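Written below as structure tokens is the structure these notes are about.
The values are calculated or read from the model by the stated rules, or taken from the named source; none is laboratory data. Treat the numbers as computed from the prediction; the structure is a model and nothing was measured. Note that each Cβ is placed from the backbone with ideal geometry, even for glycine, and that neighbours are counted across all protein chains shown. Surface areas here come from the heavy atoms of the whole protein model, side chains and all, with no ligands, DNA or RNA. Shrake-Rupley method; radii C 1.70, N 1.55, O 1.52, S 1.80 Å.
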Amino acid sequence: MTETLTVPLTPEAAKRLRELAAEQGETVEAVAGQVLEDAAADMMGSMGDDEELRRRIDEYRRTGESVSAEDVHAWLSSLDRS
């Protein structure tokens with residue numbers, strides 16, 4: 001089953017989709033659908049496990065413990081030893 005959506009695109013994005021479709025021998029609609037599915041899956045994957053996220057939020061609410069941006073930056077800087 002499919003659902004039809006209307007998505008406004010910039011002329012450049014539409015051109016890239018047409019070029020991809022031509023290269024792949026697919027319709028623009030098929031390529032656009034696959035691009036959107038892949039992007040949505042990537043975005044969902046980058047959010048991580050919902051249970052783990054809830055656990056971490058609950059822990060923060062319970063303890064109030066956090067790490068400042070400055071501490072994170074300092075830690076990341078300490079890893080760059082090139």
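Going through (1) in contact with a Phe, Trp or Tyr (Cβ under 7 Å, 6 or more places away or on another chain); (2) among the hydroxyl-bearing types (Ser, Thr, Tyr); (3) within 20 Å of Leu9 (Cα to Cα) one by one, Thr27 falls short only on (1).
Select, from Ala41, Ala14, Ala32, the only residue that is open to solvent by less than 90 Å² (accessible area, probe 1.4 Å), in a helix (DSSP H, G or I) and in contact with a helix residue (DSSP H, G or I) (Cβ under 6 Å, 6 or more places away or on another chain).
Criteria check complete, one pass: Ala32.
Taking first residues from segment 50-61 that are open to solvent by less than 100 Å² (accessible area, probe 1.4 Å) and partners that are of a type outside the set (Ser, Thr, Tyr), the Cβ contacts under 9 Å between residues at least 6 apart in sequence or on separate chains come to Leu53/Met47; Glu59/Glu65. The single condition among (1) modelled with pLDDT under 85; (2) in contact with a Phe, Trp or Tyr (Cβ under 7 Å, 6 or more places away or on another chain) that Ser66 does not meet is (1). Look at (1) assigned to a loop (DSSP other than H, G, I, E, B); (2) of a type in the set (Gly, Ala, Ser); (3) surrounded by 10 or more Cβ atoms within 10 Å (Cβ to Cβ) and you find that Ser66 fails only one, number (3).
Looking at Arg81 and the list (1) open to solvent by 100 Å² or more (accessible area, probe 1.4 Å); (2) at pLDDT below 80; (3) in a helix (DSSP H, G or I); (4) not acidic (Asp, Glu), which single condition is not satisfied? That leaves (3) as the condition not met.
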